[in-house]
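*Asks:* Just dropping this structure here.
The values are calculated or read from the model by the stated rules, or taken from the named source; none is laboratory data. Predicted model, so just to flag it, every value in this text is computed and none were measured. Note that each Cβ is placed from the backbone with ideal geometry, even for glycine, and that neighbours are counted across all protein chains shown. Accessible surface areas use protein heavy atoms only, side chains included; no ligands, DNA or RNA. Shrake-Rupley method; radii C 1.70, N 1.55, O 1.52, S 1.80 Å.
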Amino acid sequence: MAPNFHSFFVLFFTIFVFSAAVESVSRQRVYLESQCRSAMYPDLCVRTLLPYINKNSVPSPQRLAQISLASCLSKARVTRAYVDMVAKKLNETGNSQDSQALEDCVHQIDNGVDQITRSFKELQHMGTDGDENFAWHESNVQSWVSAALTDVTTCIDGITGGVIGRREKAMINARFLNMKQLASNSLMMFTRYTTRYRASRGIKNP
């Protein structure tokens, strides 16, 4: 009987731990779903943030905005590297027109990466140097992320023609689309943070 009891205890304990873990993840997901409800791409918003949520604490709206921007920045860097690789490949095979279009696109993504990087750094300073500077930081972040979105759209428009391979074009478009969606969600999370901060401090909207 003892071995059977031991096996039952181990099984019961395993089920208990697994159930607790599932319940914890479910609570985190429900919380993020409430935070991402206003996003243009809510499912992507939840998937982006969920891996970074500590089960023992609730992240602040500012922290969620930082994670969202950091994820967008990471995707932008990966996208830039992929487009640069395709451009160099086309240049080696003599497709100069498409290669030039992609090289121009790489420069635009470089600008986007720089703008998102500055936005992330700006967000880290918000609320630390006085409420009188809050609106200035807020305007910078909104302008830079919006500019990054414009750069990505310009890239997409610039490579719609030509003879770039279907696979490469599909991969580029998919990466650009994901980057645009992440940037859009980042703007929403940022707006959610600034709205709550203003309300808590009694700061009027600009």
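*Asks:* Restricting the search to region 119-143, which residues are within 12 Å of Leu73 (Cα to Cα) and either crowded, with 17+ Cβ neighbours inside 10 Å or in contact with a Cys (Cβ under 8 Å, 6 or more places away or on another chain) (or both)?
*Replies:* Ser119, Phe120
*Asks:* Still on this structure: Filter region 58-83 for residues that are among the β-branched types (Val, Ile, Thr) and open to solvent by 60 Å² or more (accessible area, probe 1.4 Å); which is farthest from Arg118 (Cα to Cα)?
*Replies:* Within region 58-83, the match that is farthest from Arg118 (Cα to Cα) is Val58.
*Asks:* Return only the number of the condition from (1) within 14 Å of the chain's Cα centre (by Cα); (2) part of a helix (DSSP H, G or I); (3) touching a residue at least 24 places away in the same chain (Cβ under 8 Å) that Ser74 does not satisfy.
*Replies:* (3)
*Asks:* Which numbered condition trips up Arg166, out of (1) out of contact with any Ser or Thr (no Cβ under 8 Å at 6 or more places or on another chain); (2) modelled with pLDDT under 90; (3) more than 21 Å from Val86 (Cα to Cα)?
*Replies:* Condition (3) is where Arg166 drops out.
*Asks:* Just to be sure I understand the filter: pairs with C-beta atoms under 7 Å, separated by 6 or more residues or on different chains, first member in region 180-202 and farther than 30 Å from Gln108 by Cα, second member open to solvent by 10 Å² or more (accessible area, probe 1.4 Å) and part of a loop (DSSP other than H, G, I, E, B). Which pairs pass?
*Replies:* As it stands, the answer is Tyr197/Gly127; Arg198/Asn205, since those pairs meet every condition given.
*Asks:* Follow-up. If you go through region 176-198, how many residues are crowded, with 19+ Cβ neighbours inside 10 Å and modelled with pLDDT under 90?
*Replies:* The total comes to 1.
*Asks:* Another one. Find all pairs meeting these conditions: Cβ atoms under 6 angstrom apart; at least six residues apart or on different chains; first residue within region 40-51 and at negative phi; second residue open to solvent by less than 50 Å² (accessible area, probe 1.4 Å) and outside any helix (DSSP H, G or I).
*Replies:* So the pair list comes out as Cys45/Ala39.
*Asks:* Just checking, does region 30-38 include any residue being farther than 19 Å from Lys121 by Cα, open to solvent by 70 Å² or more (accessible area, probe 1.4 Å), at pLDDT below 90 and in a helix (DSSP H, G or I)?
*Replies:* Looking for residues that are farther than 19 Å from Lys121 by Cα, open to solvent by 70 Å² or more (accessible area, probe 1.4 Å), at pLDDT below 90 and in a helix (DSSP H, G or I), one finds at least one in region 30-38, hence yes.
*Asks:* Now, a different point. Yes or no: region 141-157 includes at least one residue that is over 18 Å from Asn111 (Cα atoms) and in a helix (DSSP H, G or I).
*Replies:* no
*Asks:* Moving on to the next point. For region 39-57, give me the residue count where each residue is closer than 25 Å to Gly127 by Cβ and exposed (fewer than 13 other Cβ atoms within 10 Å of the Cβ).
*Replies:* The total comes to 3.
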